[in-house]
Amino acid sequence: MDNVKTIWDASYVLVQIGDYPLSFLELMGTLTGLAAVYYAVRAHIITWPIGILNQLFFFLLFYQVQLYSDMLLQLVFFGVSVWGWRNWRRGQQQGVPVGVLPAASRWLFAGVLVLGTGGLGAVMGRIHLWLPQLFALPAAFPWADAFTSTASVLAITLQARKKLESWWLWVALDVVAIGIYWARDIRFIAAQYVVFLLLSLWGWWQWRREIFPSPSPTGEGNQTSSNS
């Protein structure tokens, strides 16, 4: 019974890899995260239920390593994942293609990214003073963590709408996240985000190829399409 209780603790060592103690939460978060991104690249609907499992593991892990923005992000991810799952199911029935945002919407999302990062970073930088009973220790890297959290919300929202720009955001936040997780000594997840970065670049290429297919071998160009 004790194992059932302690397995959800970030300090519970499932396996030792060299000198690195790997916890159950970190391993399961890594595996489900990789699977969710892989299926997102392939625009497969199973990405959403796998992603929900990933959010559960990461919620528990991030709370225990004081990445509070990332912790709260998992709650937002859960809601967006349910919505995305529903959207993609409806899209399968209606044949909704991958598309791109109009220029005005891109500027809108950029503005939300800047404001969201600033607001969330300011809050998380002081949340241990406002709610010491819940957050006994100060947030680690509140501004960088706020950027990755805000960008993640926007990226998964665009992903739920099958917009190519989602991959741009995933690439940017993956780069920042690698540094954060390495500094917080959750190196397995830092390594995971290196893989995420490569998968995000692959995902951008795959989705872009669907929107802008190459000319046919006969020399007849295909019509490009976008879903605004």
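The values are calculated or read from the model by the stated rules, or taken from the named source; none is laboratory data. Please read all numbers here as calculations on a predicted model, not as lab measurements. As a convention, Cβ positions derive from the backbone with ideal geometry for all residues, glycine included, and neighbour counts pool all protein chains shown. Calculation scope for accessible area: heavy atoms of the full protein, side chains included, ligands and nucleic acids excluded. Shrake-Rupley method; radii C 1.70, N 1.55, O 1.52, S 1.80 Å.
Here are the numbers:
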read-out: Subset of region 130-147 that is assigned to a helix (DSSP H, G or I) and not charged (D, E, K, R) - its residue that is farthest from the chain's Cα centre (by Cα); value: Trp130
read-out: Within region 141-179, tally of residues that are within 11 Å of Asp70 (Cα to Cα), of a type in the set (Val, Ile, Thr) and open to solvent by 10 Å² or more (accessible area, probe 1.4 Å); value: 2
read-out: Members of region 98-122 found to be open to solvent by 60 Å² or more (accessible area, probe 1.4 Å) and either of a type in the set (Gly, Ala, Ser) or touching a Pro at 6+ places or on another chain (Cβ under 8 Å) (or both), listed by number; value: Ala103, Ala104
read-out: Complete set of residues in region 57-106 that are more than 13 Å from Ser152 (Cβ to Cβ), at pLDDT 90 or above and of a type in the set (S, T, N, Q); value: Ser105
read-out: Near pairs, Cβ below 6 angstrom, 6+ apart or cross-chain, from region 163-180 (on the phi < 0 side of the Ramachandran plot) to any residue that is among the hydrophobic types (A, V, I, L, M, F, W, C) and not in a helix (DSSP H, G or I); value: Lys163/Leu101; Leu164/Val100; Glu165/Leu101; Ile180/Phe141
read-out: Total residues in region 148-198, condition assigned to a helix (DSSP H, G or I), at pLDDT 90 or above, closer than 26 Å to Arg209 by Cβ and of a type outside the set (A, V, I, L, M, F, W, C); value: 7
